[in-house]
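Asks: Just dropping this structure here.
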Amino acid sequence: MHPMMNVTSTQRGDPNTPIFQMLWDYVRSEHEGVLLSPHLPVMCAFLTHVTFCAPFLLLDLLAGFSRRVAAWRISAKEKPPPVGAWFRCLRKVALRYLVVVLPVSALLQMAWSPPRLPERSPSSWQLFVDVFACFLLFDSLFFFWHLCMHRIPWLYRNVHQQHHQHHVPFALQAQDASISELLSLLFLARISARLVNCHPMSEILFHILNTWLAVEDHCGYDLPWALHRLVPFLGGAPHHHAHHRRHNVNFAPYFTHWDQFFGTYNVG
């Protein structure tokens, strides 16, 4: 029997086949064309972002009625933004994605995506290493780029200032930035995965978690179950909230080691 036929039948019928491999076989057989689409990454990024923001919109609505929810807010003096601010922000972000980010992302996808998806899935260890390496690299690249945007006046005025227009950050605002900044963050995320040379499944998971952490960073709540309470050296929403309040501290998006090393760390 041909070796490939034997592997395929084992993957499909053997109950000992790893769950990641069974999932990857299903994705490849049913949705390979979708995964290789040049429009998929940015569409998923936008839809995932909006989906992850929805629970925080609910928290903002409840904060005016529930003392417990209000107590979770990082700053009790700062009221949640009105619903109208959410919809104005959504309209701006959607327009920028549709007009600029979508076509640029499609060009990157066509240039960098493989002609075919690999047959083997990553192991659980490889998946962890790939995603963790992507986060470390992205966090480092973002830190130095973010520091430059604040320390170089021209970059701040023309690239980054729009992201700081909201005095009280909220979840949807994570993507409320100038077109040039959105494109730069898209490039940093894609180049991080490219340099790590991670498996496509690992890259998908990295982008999903990256979106969640960006949303959580801007949510304005220090929740009891937030990831920064579980993962060492993860700053979380309090860390990034201090950046939006003071502008000269906490430049790293997620981890705190670069800020501690350069003396820009502030606990809030």
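The values are calculated or read from the model by the stated rules, or taken from the named source; none is laboratory data. Remember, it's a predicted structure, so these values are computed and weren't measured experimentally. Methodologically, a virtual Cβ is constructed for each residue, glycine included, from the backbone with ideal geometry; neighbour enumeration extends over all protein chains shown.
Asks: Pairs needed: first member in region 25-44, closer than 14 Å to Ser105 by Cα and β-branched (Val, Ile, Thr); second member anywhere, at pLDDT below 70 and surrounded by 13 or more Cβ atoms within 10 Å (Cβ to Cβ); C-beta distance under 8 Å; at least 6 residues apart or different chains.
Replies: Hits for this filter: zero, empty list.
Asks: What do you reckon, is Gln161 of a type in the set (S, T, N, Q) and modelled with pLDDT of 90 or more?
Replies: Against the criterion (of a type in the set (S, T, N, Q) and modelled with pLDDT of 90 or more), Gln161 qualifies.
Asks: I've got another one for you. Can we say Leu117 is assigned to a helix (DSSP H, G or I) and either in contact with a Pro (Cβ under 7 Å, 6 or more places away or on another chain) or not aromatic (Phe, Trp, Tyr) (or both)?
Replies: No; evaluated as a whole, the condition is false for this residue.
Asks: All but one of (1) modelled with pLDDT under 95; (2) not in a loop (DSSP other than H, G, I, E, B); (3) not aliphatic (A, V, I, L, M) hold for Pro122; state the number of the condition that does not hold.
Replies: (2)
Asks: Restricting region 63-105 to residues that are hydroxyl-bearing (Ser, Thr, Tyr) and in a loop (DSSP other than H, G, I, E, B), which is nearest to Asp222 (Cα to Cα)?
Replies: Ser75
For (1) among the hydroxyl-bearing types (Ser, Thr, Tyr); (2) at pLDDT below 95; (3) touching a Leu at 6+ places or on another chain (Cβ under 8 Å); (4) farther than 28 Å from His167 by Cβ, each residue gets a yes or a no:
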{"site": "Ser178", "(1), (2), (3), (4)": "yes, yes, no, no"}
{"site": "Leu185", "(1), (2), (3), (4)": "no, yes, no, no"}
{"site": "Met201", "(1), (2), (3), (4)": "no, yes, yes, yes"}
{"site": "Cys219", "(1), (2), (3), (4)": "no, yes, yes, no"}
{"site": "Gly236", "(1), (2), (3), (4)": "no, yes, yes, no"}
{"site": "His239", "(1), (2), (3), (4)": "no, yes, no, no"}
{"site": "Ala242", "(1), (2), (3), (4)": "no, yes, no, no"}
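Asks: Within region 131-153, which residues are touching a helix residue (DSSP H, G or I) at 6+ places or on another chain (Cβ under 7 Å) and free of Cβ contacts under 8 Å to residues at least 24 places away in the same chain?
Replies: Cys148
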